[in-house]
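Here's the structure we're looking at; comments come further down.
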Amino acid sequence: MSVQHMSAAELINTDVEKKSLFPLNMWYVAALSSELKDKPLARTILNHQIVFFRTSDGEVSALEDRCCHRALPLSLGTIENNGIRCGYHGLLFNGDGKCIEVPGQGKVPRKALVSTYSICEQNHLIWIWFGDENTQEPTCTPPEYPVHNNPEYLFDGDVYHYEAPYQLIHDNLLDLSHLGYVHLYTIGGNAKLHMTAETKVESDEKMVRVVRHMPDSVPPPTYTAAYPFKGKIDRWQEILFKISHLEIWTGAVDAGSDSLDNPNRDGFHMKGFHGITPETETTCHYLWTMSTNPKHDPEETAKKVIEQTRLTFDEDKVVIEAQYKNMQNFKNRTMLDIHVDVAPNRARRIIESQLT
Amino acid sequence: MSVQHMSAAELINTDVEKKSLFPLNMWYVAALSSELKDKPLARTILNHQIVFFRTSDGEVSALEDRCCHRALPLSLGTIENNGIRCGYHGLLFNGDGKCIEVPGQGKVPRKALVSTYSICEQNHLIWIWFGDENTQEPTCTPPEYPVHNNPEYLFDGDVYHYEAPYQLIHDNLLDLSHLGYVHLYTIGGNAKLHMTAETKVESDEKMVRVVRHMPDSVPPPTYTAAYPFKGKIDRWQEILFKISHLEIWTGAVDAGSDSLDNPNRDGFHMKGFHGITPETETTCHYLWTMSTNPKHDPEETAKKVIEQTRLTFDEDKVVIEAQYKNMQNFKNRTMLDIHVDVAPNRARRIIESQLT
Amino acid sequence: MSVQHMSAAELINTDVEKKSLFPLNMWYVAALSSELKDKPLARTILNHQIVFFRTSDGEVSALEDRCCHRALPLSLGTIENNGIRCGYHGLLFNGDGKCIEVPGQGKVPRKALVSTYSICEQNHLIWIWFGDENTQEPTCTPPEYPVHNNPEYLFDGDVYHYEAPYQLIHDNLLDLSHLGYVHLYTIGGNAKLHMTAETKVESDEKMVRVVRHMPDSVPPPTYTAAYPFKGKIDRWQEILFKISHLEIWTGAVDAGSDSLDNPNRDGFHMKGFHGITPETETTCHYLWTMSTNPKHDPEETAKKVIEQTRLTFDEDKVVIEAQYKNMQNFKNRTMLDIHVDVAPNRARRIIESQLT
């Protein structure tokens, strides 16, 4: 059966049947760098219970979150110079998962070790590798996200825990037509405009790109507060879906001042990073940042833009978790597609193709 | 096996085995009219998840609480002039469950519709029909409850959610002998008096009626506050059980001033309406109102009577939910009958006879 | 297969397989005497749901916590002179579980009774007997704990509910090496000292005893506040494990003033009683008291010592419940033993031997 011929409803229902599987042989976003300071972080990813910690040399390690002695989560322990010490009987493990001290006992047993995970910290993000049996070691480097290192941008973010499977967030972010209904009180504005903006969708076997242009439109308040626009603006929304994350680049230039197809266009930019990482088959982590380049009062304006972003993502969370609860209540009954589902359905097909 | 020969304990245990069934081809109380103003109401009834809403013409509709597009509960949407709009992508459904607008899409798909339920608003109550496969459409009108439209009475009420099967509330209301123990601190009074009041029970295949008379007794404080009694009173308690609800009519006249068998007797009256509607096999809704005709300071006195009623029903809820939890803890072990169980057991037999 | 040859990890995993079984034909600690005043007490022990109550003659009874009429927990009822009265319809049960009154009904049905449990109140503790089919009646008296009746000691205690199986508390109390890690902020002190103190373990088929001596050490603040030590002290920790409870006797004398092996040694004593009673296979009750003999300002000092004890036991609870949750998360994967597990493992073998 060719996946290309399955309807979205079939894809959604199929996912449920295969729900113990996730795409493998890739990097997932595990944490924001800012989360790892002097305390261990417990996080379950792809059903693996993991403790993350940063030692004094700045290195981040990820171990199975279970002491091999009496099973206490290591995340309840304390970070020391060269490892993490269990909070029950004090066994000390280094970043390679090897126990290097059993207090009060001369010899450390050979079997005293815990599993480790491959970690890469890059662009203020912590990535974690999940391979299949043949590729436990990473076969590539994580995706680059240089925006976080661009001095022209200010950014901040947060990590949301979702009581919903990760693909429902993909659906949401790939279809901005919901802005007028879900985000009525934040960034929504005119629902009809969002619904009818001309939209181009392109995709290959690894990504989906959605581009929407709203030329010669009135700038919303956030935009005029952040940037010295002269009058009407040419706006864009560009969504790039990859399996591990989405990049959503929105912004505007003075109307007619630049081509919206110019990748180096000037103006006001909001660049969202959306790491979407399964926790279990039915829950996920949403690790987001928002980067922006305000001209007026940059620190203060960026703070406001990020706060507005947070409120918007809070609204999405309410809707998506209610949606998932209702899907369960109605036992995953078949869904009906409409025009807005083109891009989300392509993303579902990409993930489906990774699960075979 | 004749149902008439089953003990109450057998009936209770039998219900458990058949617990996926409810009486059908009848109206249940779905809501108080006062619950439906400008917001949708989500309520599960007989395992159906339903959204109720009142459009600007005053009409109440009931739809399956699930958008056919991406399964969001419609109860999270907004009411418009001619229907309810989904809060995710804005699909608009009319009261017949038909989608009449898909924002941004010219044509509404033929399959874009959700199930509807037959509703009747009458006497300030919203009734909902549940038929079997052959009687999806109502074959009768709902029971009348004209007390709510009687200008001599003031009423108010509330809807309680119970973590207990609906028949346990029937048991409770049909046996007022519990007043002296459960309602020790509200309306209880002398336990022995309640236990030994002469009680008549009559029933047919659709109803149970219990009549208790307490002639020449001292009026309780609520009564003297509400009505200019001259001294001792003749009191009555009349309980009418029907499958969808109970009517409990209590009150008193000056001792010897009127016959307690006169349906048009004067005096002070408290008329309770008790809609008891299954949510699931193990939970239910208790939709109650209390109507009264105080002579002194009517608004204020009615408010006090209703508040007293609420406290009393709160006490019942604690007991009934604890009872059900314990029934589960003890795995529905057989129960022992005593004299007070006559009327409750007849009600159980009526419901049992509807389930065959 | 000889139990003596099983590793601790095997024992732990074996317990899980046999988890519906507890040692029988013995007394368990059911309550502190101080818990039973004028209200009934509901407590589940070894999966039995029980109501305990003390009648006006001071006698404590224990009945199945379910009225035989309509299954309400009797613990929601009220204590009367000669029994407990159900809070629903007022059935009155005496301490033998026999219904002695059905309000409003002349004759009490022969079958109106509930199960009873054998109780013994002794040394300010309430003990309950659990036998097998052949020994429903106690075949011995409960263990003595005369410390509670010793006028030289002041004591108080509490009952903690644990979301963890009871044997994890045995493990914790038999291995005081955790003091330096779990109790870092209370009684911990120098972790290495606790880990390396010389420890003697002895055991037979019914008990495990652990003795640790710390001669010529600096007295901790609690000790100097409570007792007029002259300088350095000789300290001891003696742990006695029995299946129903542990006794932990810690204390100190002035260095060199007495033999630590003298059972009548003088000095400052803290005598902990630790009743550990299964609630279910996965939860338990921890009924503890602390008795002490301070010389300075005894009432006030004892209060402080007991408060410090409480904080310490709170810390243990956090660790043990987290440990158990993680054991479940990791599906009871095999554990690795270290030197501190000698005594806990012997206790596990004793219980294992009782389950055959």
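The values are calculated or read from the model by the stated rules, or taken from the named source; none is laboratory data. Values in this document were obtained by computation on a predicted structure and should not be read as measured data. Glycine also receives a Cβ, built like all others from the backbone with ideal geometry; neighbour counts cover every protein chain displayed.
Key figures
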| quantity | calculated |
| --- | --- |
| Filtered residues of region A:24-61 (kept if surrounded by 22 or more Cβ atoms within 10 Å (Cβ to Cβ) and among the hydroxyl-bearing types (Ser, Thr, Tyr)) | A:28, A:61 |
| Test for residue C:100: is it of a type outside the set (S, T, N, Q) and either surrounded by fewer than 21 Cβ atoms within 10 Å (Cβ to Cβ) or within 8 Å of another protein chain (Cβ to nearest Cβ) (or both) | yes |
| Residue count, region B:55-81 (criterion: part of a loop (DSSP other than H, G, I, E, B) and within 14 Å of chain A (Cβ to nearest Cβ)) | 10 |
| Selection status of residue B:154, touching a residue at least 40 places away in the same chain (Cβ under 8 Å) and under 14 Å from the mean Cα position of the chain (by Cα) | no |
| Restricting region B:203-256 to residues that are under 26 Å from the mean Cα position of the chain (by Cα) and among the small types (Gly, Ala, Ser), the residue that is nearest to residue B:159 (Cα to Cα) | B:244 |
| Among (1) polar (S, T, N, Q); (2) within 23 Å of residue B:183 (Cα to Cα); (3) at pLDDT below 95, the one test that residue C:56 misses | (2) |
| Some residue of region B:287-297 being facing another protein chain (nearest Cβ under 10 Å), more than 25 Å from residue B:28 (Cβ to Cβ) and among the charged types (D, E, K, R) | no |
| Residue in region C:332-356 that is nearest to the other protein chains (Cβ to nearest Cβ), counting only those that are among the polar types (S, T, N, Q) and farther than 16 Å from residue A:49 by Cβ | C:334 |
| Subset tally (residues that are touching a residue at least 40 places away in the same chain (Cβ under 8 Å), outside any strand (DSSP E or B) and over 13 Å from the mean Cα position of the chain (by Cα)) for region B:257-282 | 5 |
| Test result for residue C:136, away from every other protein chain (no Cβ under 14 Å) and without any contact (Cβ under 8 Å) to a residue 24 or more places away in the chain | yes |
| Some residue of region A:322-331 being outside any helix (DSSP H, G or I) and either crowded, with 16+ Cβ neighbours inside 10 Å or at the interface with chain B (Cβ under 9 Å from one of its Cβ atoms) (or both) | yes |
| Residue that is polar (S, T, N, Q) and within 30 Å of residue B:77 (Cβ to Cβ), where the choices are A:283, A:301, A:292, A:224 | A:283 |
| Hey, residue B:34 more than 26 Å from residue A:318 (Cα to Cα), of a type in the set (Gly, Ala, Ser) and in a helix (DSSP H, G or I) or not | yes |
| Any hit, region C:166-173, residues being part of a strand (DSSP E or B) and within 13 Å of the chain's Cα centre (by Cα) | no |
| Sole exception among (1) surrounded by fewer than 18 Cβ atoms within 10 Å (Cβ to Cβ); (2) under 27 Å from residue B:316 (Cα atoms); (3) small (Gly, Ala, Ser) for residue B:256, by number | (2) |
| Residue B:84 vs. criteria surrounded by 17 or more Cβ atoms within 10 Å (Cβ to Cβ), part of a strand (DSSP E or B), within 14 Å of another protein chain (Cβ to nearest Cβ) and not basic (Lys, Arg) | yes |
| From the options B:289, B:277, B:309, B:282, residue that is touching a Cys at 6+ places or on another chain (Cβ under 8 Å) and of a type in the set (Ser, Thr, Tyr) | B:277 |
| The one condition in (1) within 12 Å of chain A (Cβ to nearest Cβ); (2) under 29 Å from the mean Cα position of the chain (by Cα) that residue B:112 fails to fulfil | (2) |
| Flag if residue C:308 is within 12 Å of chain A (Cβ to nearest Cβ), surrounded by fewer than 22 Cβ atoms within 10 Å (Cβ to Cβ) and part of a helix (DSSP H, G or I) | no |
| Candidate set: region B:212-249, residues that are out of contact with any strand residue (DSSP E or B) (no Cβ under 8 Å at 6 or more places or on another chain) and touching a residue at least 60 places away in the same chain (Cβ under 8 Å); chosen: the one surrounded by the fewest Cβ atoms within 10 Å (Cβ to Cβ) | B:228 |
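Every residue, every condition in (1) at pLDDT 95 or above; (2) buried (at least 22 other Cβ atoms within 10 Å of the Cβ), yes or no:
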| residue | (1), (2) |
| --- | --- |
| B:284 | yes, yes |
| B:299 | no, no |
| B:312 | no, no |
| B:318 | yes, no |
| B:336 | yes, no |
